[in-house]
Amino acid sequence: MAKPLTDQDKRKQISVRGLAGVENVSDLKTNFNRHLHFTLVKDRNVATKRDYYFALANTVRDHLVGRWIRTQQHYYEKDPKVSTRTFGRDSECFGHVEEADDWLRYGNPWEKARPEYMRPVHFYGRVEHTAEGVEWVDTQMVLALPYDTPVPGYRNNIVNTMRLWSAKAPCDFNLKDCDSSPAVLCCPQLAEAPMFYVLQFFEGKELRLKQEYFVVAATLQDIIRRFKASKFGSTEFVRLDLSTMPDKVAIQLNDTHPALAIPELMRLLVDTEKLSWEKAWDIVVRTCAYTNHTVLPEALERWPVDLFRNLLPRHLEIIYEINRRHLERIGKLYPGDFDRLRRMSLIEEGDIKKINMAHLCIVGSHAVNGVARIHSEIIKNTVFKDFYDIDPQKFQNKTNGITPRRWLVMCNPGLAEVIAERIGENYIRDLDQLKKLLDFVDDDAFIRDVAKIKQENKLKFAAHLEEHYKVKINPNSMFDLQVKRIHEYKRQLLNCLHIITLYNRIKKEPNKLWTPRTIMIGGKAAPGYHTAKMIIKLITSIGDIVNNDPVVGDRLKVIFLENYRVTLAEKVIPASDLSEQISTAGTEASGTGNMKFMLNGALTIGTMDGANVEMAEEAGEENMFIFGMRVEDVDALDKKGYDAVSYYNRLPELKQAIDQISGGFFSPAQPGLFKDLVNMLMHHDRFKVFADYEDYIKCQEKVSALYKNPKEWTKKVIRNIAGCGKFSSDRTISQYAREIWGIEPSLEKIAAPDDPHGLLD
């Protein structure tokens, strides 16, 4: 048995709870008060909690600024290759009831506006072809104003920059064109808020495409400007040979949303910089790489050609030319294979011609990756097989990761300290060192410490629920969590069927010694996703019945966590006992919530899908609760034909649960409320909930049985934590850097600016 560190060793550890030394408190207070008075113009008699937050944020930012400037100087001096993610996936608004989240109403103390780098972004208009070249004319212009936010590294004095863009109307913007628009009628202060107009006047799909192009166009102009200016602070262009841009710039397309970067960069290089098509295309392909995040066909963006023709006419021409050259290549490789040409075209024919943005990303990138090994294999073997066949060297895997600084040290300091006491704190930078915890699996003191931290976290979260949600739960019950986007493929409905089955069993045998559970489900539904909203309604309706049944008592509670977000995740994940990762095999790209739960001491019940597969490899499948069909089983069932009714007729508990939902047991005031959900489950469920029901219920019985043995449960927890090393974002980003961007990651620390108090060391 390994020995824990001595008291002397422990004293060497830097407490993860610590903020600043005692000697710095006085200066911290002085700066805090200075910002409260001179930045916010408040005193303690009128200051609000928000004012105190802003004063503290400005105090911390003061200590970041020197490092921020020093980092930019360092980059200009060294002139390294830099990677840019131009556009990430948007978070959906909260579904069942949406409320506007005006998160910038009071300003943002962390950001710095950079009006000197404002860029024009054009829409609409027409294209003129002349002897001198191509011009996009008669456009409508929006201004993109950059805002920079500091992103500090971990104890290395590096502060990188996240640049976001705000839409502003130009001075000659003609509001009279739209005086009767809904945006004007509902927003009388429009003249003072042009950004509202710019983003809200255009509706639906056109608004979405406009937002995507806005961010891409502003970012690419900024990238080219910075590439040309190689000296710190330089406003003159000193680097004019754009053929070397891929040596200094890497652009990672994070899903299809920034796919417009490919035609936009071509437009800038060909139309503005006057490069030949061939030279421009070489630069684009060597600069861009594409990360795929989903295999669901409906989630891969397809834009109507007519929308492009109206909004971005020059880009449509460029995409057509990219497609012509692409199909010419395919035709030479596969003469006469017209079906292959149709499958691989960037333009999908049909009643409405559409541009397939994933195909555009693949053709215009030098690397394509999935985000878990099983996901990367699926896109090679099925979704993008035609493209893999002609360019296998493009395709890679980059399994997702999470940052242990936020998802352990910051959100679960108790567990982080208990780990540091045993193996030191270097694991924070090198998560693979968690493997050393395997030496402590049988250490009774460590087992007790881990269990004690978990119980403390559960008590804290129970208190949080009682204070903010007015819900009282049993902190000694198993905290069973499924938190993620509400979607059919994530199968919150399977969880609901387990809840109902467990409820019926308790009602049938009320005197049996049941393992108490508090089942919490959280997540947001896309505003237009009706089925997802009905799933939320079903969850809350089940909760209304279960939570108010005196026979059940506190042996089973069901809670829907409203407005699930990072700040709530940081509270609930450290308190969780069981993590539900139950998507249909072959549908989840990776998942990162599964990793966060694993790192924070929850056991996983899940299918062999996404990163669950690699988690089982790292922790040992015997230390997880794996159930259900594998990818090959799903494929076989698809070929055979999935018959939900046969499962309904064969499994009495499943039939009872479905009959209760359809008969109005959980919606007595509206008996037919869930008829559409039941009809979907019975007759057109793409994600085969019933096929995994029986195995899921049996697996949940194993979960309940093990939970009655706290010591053995905690041993599995320790083995899971010890297996988390692979799932650090440090490993993920290092692989992107080496294998896609052609950059060698550096662990170099740069010299700190004067900071005599070491507040951020």
Is it fair to say THR567 is more than 30 Å from LYS512 (Cβ to Cβ), open to solvent by 10 Å² or more (accessible area, probe 1.4 Å), β-branched (Val, Ile, Thr) and in a loop (DSSP other than H, G, I, E, B)?
no
For segment 467-491 the number of residues that are open to solvent by 20 Å² or more (accessible area, probe 1.4 Å), charged (D, E, K, R) and within 28 Å of the chain's Cα centre (by Cα) is 3
Using the structure shown, decide if THR531 is touching a residue at least 24 places away in the same chain (Cβ under 8 Å), assigned to a helix (DSSP H, G or I) and open to solvent by 30 Å² or more (accessible area, probe 1.4 Å).
yes
Taking only segment 164-174 into account, find how many residues are buried (at least 16 other Cβ atoms within 10 Å of the Cβ) and in a strand (DSSP E or B).
4
Would you check if there is a residue in segment 211-219 being modelled with pLDDT of 95 or more, in a helix (DSSP H, G or I) and small (Gly, Ala, Ser)?
yes
For segment 497-524, name all the residues that are closer than 21 Å to ALA602 by Cβ, of a type in the set (Ser, Thr, Tyr) and open to solvent by less than 10 Å² (accessible area, probe 1.4 Å).
THR518
State all residues of segment 679-702 that are among the hydrophobic types (A, V, I, L, M, F, W, C) and surrounded by 17 or more Cβ atoms within 10 Å (Cβ to Cβ); if no residue qualifies, say none.
MET680, LEU681, PHE687, VAL689, PHE690, ALA691, ILE697, CYS699
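Let's see how each residue does on (1) farther than 21 Å from LYS726 by Cα; (2) not charged (D, E, K, R):
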residue: GLY414; (1), (2): yes, yes
residue: GLU421; (1), (2): yes, no
residue: ARG429; (1), (2): no, no
residue: VAL441; (1), (2): no, yes
Look through segment 703-751, keep the residues that are surrounded by fewer than 15 Cβ atoms within 10 Å (Cβ to Cβ) and of a type in the set (S, T, N, Q), and return whichever of them is modelled with the highest pLDDT.
ASN709
Does any residue of segment 435-445 turn out to be crowded, with 20+ Cβ neighbours inside 10 Å and either over 28 Å from the mean Cα position of the chain (by Cα) or farther than 16 Å from VAL558 by Cα (or both)?
yes
So PHE597 fits all but one of (1) buried (at least 24 other Cβ atoms within 10 Å of the Cβ); (2) in a strand (DSSP E or B); what number is the exception?
(2)
Of the criteria (1) over 18 Å from LEU568 (Cβ atoms); (2) crowded, with 22+ Cβ neighbours inside 10 Å; (3) touching a Ser or Thr at 6+ places or on another chain (Cβ under 7 Å); (4) not hydroxyl-bearing (Ser, Thr, Tyr), which one LEU494 fails:
(3)
Candidate set: segment 629-657, residues that are among the small types (Gly, Ala, Ser), under 34 Å from the mean Cα position of the chain (by Cα) and more than 21 Å from SER376 (Cα to Cα); chosen: the one most open to solvent (accessible area, probe 1.4 Å)
GLY641
Of all residues in segment 658-678, count the ones that are touching a residue at least 24 places away in the same chain (Cβ under 8 Å), open to solvent by 20 Å² or more (accessible area, probe 1.4 Å) and more than 18 Å from HIS487 (Cα to Cα).
3
Has segment 752-759 got any residue that is of a type in the set (A, V, I, L, M, F, W, C), surrounded by fewer than 17 Cβ atoms within 10 Å (Cβ to Cβ) and part of a helix (DSSP H, G or I)?
no
Matching entry among TRP303, TRP277 (being surrounded by 17 or more Cβ atoms within 10 Å (Cβ to Cβ) and farther than 21 Å from GLU739 by Cα)
TRP303
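The values are calculated or read from the model by the stated rules, or taken from the named source; none is laboratory data. Owing to the predicted nature of the structure, the values given are computational and were not obtained by experimental measurement. So basically every Cβ, Gly included, is an ideal-geometry build from the backbone, and we count neighbours across all protein chains shown. Just so you know, the surface numbers come from the protein's heavy atoms only, side chains and all, with ligands and any DNA or RNA stripped out. Shrake-Rupley method; radii C 1.70, N 1.55, O 1.52, S 1.80 Å.
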